[in-house]
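Before any comments, here is the structure.
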Amino acid sequence: MQNTLDGKRVLITQATEFMGPVLCEVFREQGADVVASNDALADPGAAERVVREAGRIDVLVANLALKAPSTPAAEVTEDEWREVFAALVDPLPRLVRAASPDMVARRAGKILVMGSASALRGMKRTSTYSAARGAQLAYVQAVGMEMAPHNVQVNAIAQNFVDNPTYFPAEVQANPKFQERLAREVPLGRLVSAREDAQFAAYLCSSAADCFVGQVFPVCGGWVGR
């Protein structure tokens, strides 16, 4: 890809977390005018404010992250459930509500959710996090169908075993037990690189991907379904 986002104004949320840093880097390399927001979005009015302050945007990348709790399901508290959903799920409709009307009016726009494959395969002690990530994907599928007739494409990347500082920091990657897990669970035998993931995201946000609507794309080094 080269200059695939020329002339596009892109809002990336939580730009210092999860995939935010590499998304900003790669999208700028591809010609985008990147608005990198570091604001927390749990507050009900935050998403609308962030979108309004960004001005007119062609692309919204909903990059939402929170450290995943590892609580056994029977011990999950109301506070944990609400905290995770407030961080990962509640901002999505607020962001879409703020960004989509202008896109619909212009009959042009893209919304990409950076999600997780934890919703696509059961994992122990991740019930809260997996449920929240699953809600993200279901939302994308429904809204994607609704927005498609207006030429606004809404899709998601469902990733796991992708290099990023939030879920796979350097100390985790250096752990021999984690390296054994990679060899055991991931046919690729390594983490997907951050740039590989971000370049795929850039493609999905480009005009070359206008044909994809309401889709969830696994990026997991062959992990999903195995």
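The values are calculated or read from the model by the stated rules, or taken from the named source; none is laboratory data. Predicted model only: the values in this text are computed from it and were never measured. A quick note on method: Cβ atoms are made from the backbone with ideal geometry, for glycine too, and the neighbour counts reach across all protein chains shown.
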Identity of the residue in region 186-201, touching a strand residue (DSSP E or B) at 6+ places or on another chain (Cβ under 9 Å) and assigned to a helix (DSSP H, G or I), that ends up farthest from Gln153 (Cα to Cα) = Ala194
query = Only one residue in Gln173, Gln179, Gln199 is of a type in the set (S, T, N, Q) and within 23 Å of Ile12 (Cα to Cα). Which one?
reply = Gln199
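Please state which one of Tyr167, Tyr129 is within 25 Å of Asp90 (Cα to Cα) and at pLDDT below 95.
Going through Tyr167, Tyr129 in turn, the sole match is Tyr167.
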Filter pass, Gly214 being at pLDDT 95 or above, under 16 Å from Leu92 (Cα atoms) and assigned to a loop (DSSP other than H, G, I, E, B) = yes
inquiry  = Being buried (at least 16 other Cβ atoms within 10 Å of the Cβ) and either among the aromatic types (Phe, Trp, Tyr) or over 27 Å from Val162 (Cβ atoms) (or both): is that true of Ala98 here?
reply    = yes
key: Near pairs, Cβ below 6 angstrom, 6+ apart or cross-chain, from region 71-83 (within 17 Å of Arg133 (Cα to Cα)) to any residue that is assigned to a helix (DSSP H, G or I)   = Ala73/Ser127; Val76/Thr128; Glu80/Thr128; Trp81/Thr128
query = In region 34-75, how many residues are more than 16 Å from Gly115 (Cα to Cα), among the polar types (S, T, N, Q) and in contact with a strand residue (DSSP E or B) (Cβ under 9 Å, 6 or more places away or on another chain)?
reply = 1
task = Among residues belonging to region 41-67 that are loosely packed, with under 14 Cβ neighbours inside 10 Å and among the small types (Gly, Ala, Ser), point out the one that is nearest to Pro91 (Cα to Cα).
result = Gly45
task = Out of Ala208, Ala202, report the one residue that is surrounded by fewer than 16 Cβ atoms within 10 Å (Cβ to Cβ) and closer than 28 Å to Ala142 by Cα.
result = Ala208
key: Residue satisfying all of: in region 144-185; surrounded by 14 or more Cβ atoms within 10 Å (Cβ to Cβ), of a type in the set (D, E, K, R) and in a helix (DSSP H, G or I); farthest from the chain's Cα centre (by Cα) among these   = Glu185
query = Among all residue pairs at least 6 apart or on different chains, which show Cβ distances below 6 Å where the first residue, located in region 190-217, is among the acidic types (Asp, Glu) and the second is outside any loop (DSSP other than H, G, I, E, B) and crowded, with 17+ Cβ neighbours inside 10 Å?
reply = Asp197/Val162; Asp197/Val219
